[in-house]
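Chemist: A single structure is presented below for examination.
The values are calculated or read from the model by the stated rules, or taken from the named source; none is laboratory data. In this text the structure is predicted, and so the values were computed from the model without any measurement. As a convention, Cβ positions derive from the backbone with ideal geometry for all residues, glycine included, and neighbour counts pool all protein chains shown. The area values use the complete protein model at the heavy-atom level, side chains included, leaving out ligands, DNA and RNA. Shrake-Rupley method; radii C 1.70, N 1.55, O 1.52, S 1.80 Å.
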Amino acid sequence: GLATRYTHGYAAGVEPLRRAIDAFTRGRLPGDQSLRWMLMAWPAAHEVWDDDSWDQLTARAVTLARGAGALTVLPIFLLYRAAVHVYAGEFAAASVLSAEADAIVEATGNTRWQGTSVLLAAWRGQEEETSKMAGASIHAATARGEGRAICMAELSRAVLYNGLGRYQHALAAAQRACE
């Protein structure tokens with residue numbers, strides 16, 4: 001599904017992705033396999049705008065990671081879950097999950113992905129915080145070659161500027177996100 005989407009375009013990839021998402025939401029894999037596959041499952045649901053599956057898969061991912069005591073991936077899954085809450089307008093719930101992810105990252109010394117925090121700040125209309133975090137995220141992601149993090153930072157800028165009525169800035173950020 002994802003390979004088809006990236007090699008033959010979005011339209012060609014939708015149906016294979018939907019079949020894969022359906023298999024993930026209905027199927028049960030052994031714990032460690034489920035954790036690995038969750039890293040691919042939720043983005044597929046998000047990619048085809050299947051909000052119900054996105055919600056279900058991120059909730060299951062958090063439950064699996066907590067149950068396994070997988071502190072390496074739990075912060076990632078908490079942030080994926082927080083993003084579901086951001087898009088649902090549930091900013092308080094997103095903040096709680098982000099704070100939990102921060103606490104785990106601080107305790108374990110792992111690297112934290114900033115995408116959800118930037119997006120949350122943008123949806124809240126926090127211009128200074130969004131600008132600062134987006135700039136830092138883009139700088140770090142460029143150094144690491146992480147296009148998805150750059151995309152998320154620019155998407156956050158587009159959300160912010162759209163909400164502030166700065167439509168030209170929003171369009172420019174959205175175009176950079178799509179690049």
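Chemist: Do we find that Gly89 is closer than 23 Å to Asp55 by Cβ and in a loop (DSSP other than H, G, I, E, B) in this structure?
Modeler: Values: closer than 23 Å to Asp55 by Cβ: yes; in a loop (DSSP other than H, G, I, E, B): yes.
Judged against the criteria, Gly89 is a match.
Chemist: From Arg66, Arg81, grab the single residue that is under 30 Å from Asp22 (Cβ atoms) and open to solvent by 70 Å² or more (accessible area, probe 1.4 Å). Spell out the reasoning first.
Modeler: Working: Arg81 fails: open to solvent by 70 Å² or more (accessible area, probe 1.4 Å).
The match here is Arg66.
Chemist: Now for a separate question. Could you identify the single residue in Leu97, Leu160, Leu164, Leu71 that is over 15 Å from the mean Cα position of the chain (by Cα), within 26 Å of Trp37 (Cα to Cα) and aliphatic (A, V, I, L, M)? Before you say what the answer is, go through the steps one by one.
Modeler: Values: Leu97 fails: over 15 Å from the mean Cα position of the chain (by Cα); Leu160 fails: within 26 Å of Trp37 (Cα to Cα); Leu164 fails: within 26 Å of Trp37 (Cα to Cα).
None of the others qualify; the one that does is Leu71.
Residue by residue, here is whether (1) in contact (Cβ under 8 Å) with a residue 24 or more places away in the chain; (2) more than 19 Å from Tyr87 (Cα to Cα); (3) touching a strand residue (DSSP E or B) at 6+ places or on another chain (Cβ under 7 Å); (4) among the basic types (Lys, Arg) holds:
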{"residue": "Glu106", "(1), (2), (3), (4)": "no, yes, no, no"}
{"residue": "Arg112", "(1), (2), (3), (4)": "yes, yes, no, yes"}
{"residue": "Thr116", "(1), (2), (3), (4)": "yes, no, no, no"}
{"residue": "Glu128", "(1), (2), (3), (4)": "no, yes, no, no"}
{"residue": "Ala153", "(1), (2), (3), (4)": "yes, no, no, no"}
{"residue": "Val159", "(1), (2), (3), (4)": "yes, no, no, no"}
{"residue": "Leu164", "(1), (2), (3), (4)": "yes, no, no, no"}
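Chemist: Restricting attention to the stretch 130-139, report how many residues are touching a residue at least 24 places away in the same chain (Cβ under 8 Å) and farther than 16 Å from Ala83 by Cβ.
Modeler: Adding up the residues that qualify gives 1.
Chemist: So which residues in the stretch 89-146 are at positive phi and either modelled with pLDDT under 90 or among the β-branched types (Val, Ile, Thr) (or both), if there are any at all?
Modeler: So in the stretch 89-146, the residues at positive phi come out as 89, 109, 125, 145.
Scanning the stretch 89-146 gives Gly109, Gly145.
Chemist: Also: Regarding the stretch 27-39, can at least one residue be identified that is open to solvent by less than 40 Å² (accessible area, probe 1.4 Å), under 19 Å from Ala149 (Cα atoms) and within 18 Å of the chain's Cα centre (by Cα)?
Modeler: Checked the stretch 27-39: at least one residue is open to solvent by less than 40 Å² (accessible area, probe 1.4 Å), under 19 Å from Ala149 (Cα atoms) and within 18 Å of the chain's Cα centre (by Cα).
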